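The values are calculated or read from the model by the stated rules, or taken from the named source; none is laboratory data. Just so it is clear, the structure is predicted and the values come from calculations on it, not from any experiment. Neighbour counts are summed over all protein chains in view; Cβ atoms, including those assigned to glycine, are modelled from backbone coordinates with ideal geometry. Each accessible area value is taken on the protein alone, full model and side chains, heavy atoms only, with ligands, DNA and RNA left out. Shrake-Rupley method; radii C 1.70, N 1.55, O 1.52, S 1.80 Å.
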Amino acid sequence: MIMKTLARILIGFYKRFISINLTRPCIYVPTCSIYTLTAIEKHGFFKGCVMGANCLLYTSPSPRDTERSR
């Protein structure tokens with residue numbers, strides 16, 4: 001319970017203060033933060049964090065992708 005609450009607070013902080021200041025908005029729906037919050041609520045803290053990390057790894061653009069888009 002405490003871990004879920006801490007994850008919610010940290011992801012909320014990220015969404016409110018950090019992701020707003022990034023240059024490009026996320027093109028994926030749901031975003032990785034929403035996906036991670038949903039996974040944590042549904043599957044528990046540890047499995048939800050692993051699922052969120054996988055989401056970040058597979059949907060984040062690589063440096064090569066950003067070079068091609070320029």
Accessible-area value, Leu57, 1.4 Å probe, nucleic acids and ligands omitted, Å²: 130
query: How do Arg16, Arg8 rank by accessible surface area computed with a 1.4 Å probe, from largest to smallest?
result: Arg16, Arg8
query: In nm, to one decimal, how far is the modelled label at Val29 from the one at Leu57, with both set 7 Å along Cα→Cβ?
result: 2.8
Range of Cα positions in region 1-48 per principal axis (Å), largest first: 33, 19, 11
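With r as the distance between the Cβ atoms of Met1 and Asn21 and R0 = 30 Å, compute the FRET efficiency 1/(1 + (r/R0)^6) and round to 0.05. Walk me through the intermediate numbers first.
On the way: r = 31 Å, r/R0 = 1.03.
Calculated value: 0.45.
What is the gain in length, in nm to one decimal, between Leu10 and Cys49 on full extension, counting 0.36 nm per residue of separation less the C-alpha to C-alpha distance? Display every interim value, and only then the final one.
On the way: separation 39, 0.36 × 39 = 14.04 nm, distance 1.23 nm.
Net length gain for the segment: 12.8 nm.
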- request: Could you pull the accessible area for Ile20 with a 1.4 Å probe, rounded to 10 Å²?
  value: 120
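Would you list Lys47, Lys42 from the most to the least accessible area, probe 1.4 Å?
Numbers: Lys47 115, Lys42 155 Å².
Order by accessible area, largest first: Lys42, Lys47.
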